[in-house]
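Working notes, structure below.
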Amino acid sequence: MTSLASVTLEVADLAAAESFYSDAFGLGPRLRLRASDAQTTGFRGFTMSITVSQPADVDSFIESALKAGATTLKPAAKSLWGYGGVVQAPDGTIWKTATSSKKNTGPATRAVDDLVLLLGVEDVKASKQFYVERGLSVGKSFGGKYVEFASDDAAPVKLALYKRKGLAKDVGVAEEGGGSHRLVLGSTSGSFTDPDGFVWEAAQA
């Protein structure tokens with residue numbers, strides 16, 4: 001079965017990105033970086049999402065990201081579904097930190113429940129079928145709006161599909177963008193490129 005084994009962000013300044021991610025989120029080996037001068041403009045078609053257990057952890061991650069050089073796209077706030085906020089890293093990657101809880105149960109622990117890669121796609125149903133044909137198993141599916149692929153508890157990153165326009169709106173940016181996604185997904189099987197141009201390569205140990 002094909003699964004997502006790693007996520008690599010392509011960045012213009014590798015040393016600066018390594019410093020930022022170490023200080024901001026401390027995600028360790030689950031997030032990889034490599035240098036690239038590939039041209040990209042506007043919304044790159046994906047977001048990274050950190051899911052935590054309580055609002056204190058949301059605030060802690062957002063505060064450390066801002067101190068490390070991120071900019072605010074959506075300030076942390078309560079909503080119908082919980083509590084969360086969105087920042088943009090200096091390399092351009094958009095990060096959402098959220099929890100379904102609206103109350104704290106203790107001090108922030110900075111424990112990450114899930115790290116989720118959300119791909120913004122033009123046709124959710126078509127992309128879902130593409131991935132199913134390549135061996136991924138669907139965990140959750142909500143018609144043509146959202147798909148989450150199954151993964152075991154030890155998976156470093158979860159993969160989900162969202163309508164590109166809806167994903168851009170959710171994080172507070174315009175949907176227009178072009179050029180490289182500056183993102184490489186590590187595959188447990190062969191290399192391929194999906195209908196929206198997201199590149200998969202054989203995962204490196």
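Can you name the condition, by its number, that Thr2 falls short on among (1) over 20 Å from Ala111 (Cα atoms); (2) in contact with a Leu (Cβ under 9 Å, 6 or more places away or on another chain); (3) assigned to a strand (DSSP E or B)?
Just one mismatch for Thr2, condition (3).
Search segment 100-125 for residues being free of Cβ contacts under 8 Å to residues at least 60 places away in the same chain, β-branched (Val, Ile, Thr) and surrounded by fewer than 22 Cβ atoms within 10 Å (Cβ to Cβ), and hand back the single one that is farthest from Gly179 (Cα to Cα).
Step by step, filter segment 100-125, then rank; the result is Thr105.
If you go through segment 162-200, how many residues are surrounded by 16 or more Cβ atoms within 10 Å (Cβ to Cβ) and in a strand (DSSP E or B)?
So the count comes out to 10.
Give segment 13-50 a look and list any residue that's under 25 Å from Ser187 (Cβ atoms) and in a loop (DSSP other than H, G, I, E, B), or say none.
Phe25, Leu27, Ser36, Asp37, Ala38, Gln39, Phe43, Arg44, Gly45
Can you tell me how many residues in segment 27-60 are more than 18 Å from Leu73 (Cα to Cα), touching a residue at least 40 places away in the same chain (Cβ under 8 Å) and touching a helix residue (DSSP H, G or I) at 6+ places or on another chain (Cβ under 8 Å)?
Total satisfying the criteria: 4.
Does any residue of segment 146-167 turn out to be modelled with pLDDT of 95 or more, under 14 Å from the mean Cα position of the chain (by Cα) and among the small types (Gly, Ala, Ser)?
Within segment 146-167, one or more residues are modelled with pLDDT of 95 or more, under 14 Å from the mean Cα position of the chain (by Cα) and among the small types (Gly, Ala, Ser).
Looking at the structure I just gave you, is Lys96 basic (Lys, Arg), touching a strand residue (DSSP E or B) at 6+ places or on another chain (Cβ under 9 Å), in contact (Cβ under 8 Å) with a residue 24 or more places away in the chain and closer than 18 Å to Met48 by Cα?
In short, yes.
Quick check: anything in segment 73-88 closer than 23 Å to Gly139 by Cα, buried (at least 17 other Cβ atoms within 10 Å of the Cβ) and touching a helix residue (DSSP H, G or I) at 6+ places or on another chain (Cβ under 7 Å)?
No, that holds for no residue.
The values are calculated or read from the model by the stated rules, or taken from the named source; none is laboratory data. Computed from a prediction, not measured in an experiment: that's the story for all the values here. Glycine gets a Cβ as well: all are built from the backbone with ideal geometry, and neighbour counts include every protein chain shown.
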